[in-house]
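S.K.: For reference, the structure I am asking about is given below.
The values are calculated or read from the model by the stated rules, or taken from the named source; none is laboratory data. Computed from a predicted structure; not experimentally measured. Every residue, glycine among them, receives a Cβ derived from its backbone with ideal geometry; neighbour counts consider all protein chains shown.
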């Protein structure tokens, strides 16, 4: 390789930082999911989540879980925003 490591295009560094941030965010989300399960908060099975079972299959739509995750995400983004 003729190109020195320090001479890498700055845009590739920003993409690398984005990938690292996404990976850390997914790891944090997984850890939070496990923490909620251990605390007895069954995300995906909250009261109000829709679950229909029939003879040929079942349908599950966690509407309340989606709302809770959306509100928590909005609060975290507002809390950590740079304004």
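S.K.: Are any of the residues in region 36-49 assigned to a helix (DSSP H, G or I) and surrounded by 10 or more Cβ atoms within 10 Å (Cβ to Cβ)? Walk me through how you get there before you give the answer.
M.R.: First, the residues of region 36-49 that are assigned to a helix (DSSP H, G or I): 36-38.
Still in the running and surrounded by 10 or more Cβ atoms within 10 Å (Cβ to Cβ): 36-37.
Yes; the residues of region 36-49 include at least one that is assigned to a helix (DSSP H, G or I) and surrounded by 10 or more Cβ atoms within 10 Å (Cβ to Cβ).
S.K.: Still on this structure: List the residue pairs whose Cβ atoms are under 8 Å apart, where the first residue sits in region 18-41 and is closer than 15 Å to residue 72 by Cα, the second is not in a helix (DSSP H, G or I), and the two are 6 or more positions apart or on different chains.
M.R.: 33/43; 36/42; 36/43
S.K.: Restricting to region 11-46, count the residues that are in contact with a helix residue (DSSP H, G or I) (Cβ under 8 Å, 6 or more places away or on another chain) and modelled with pLDDT of 90 or more.
M.R.: 0
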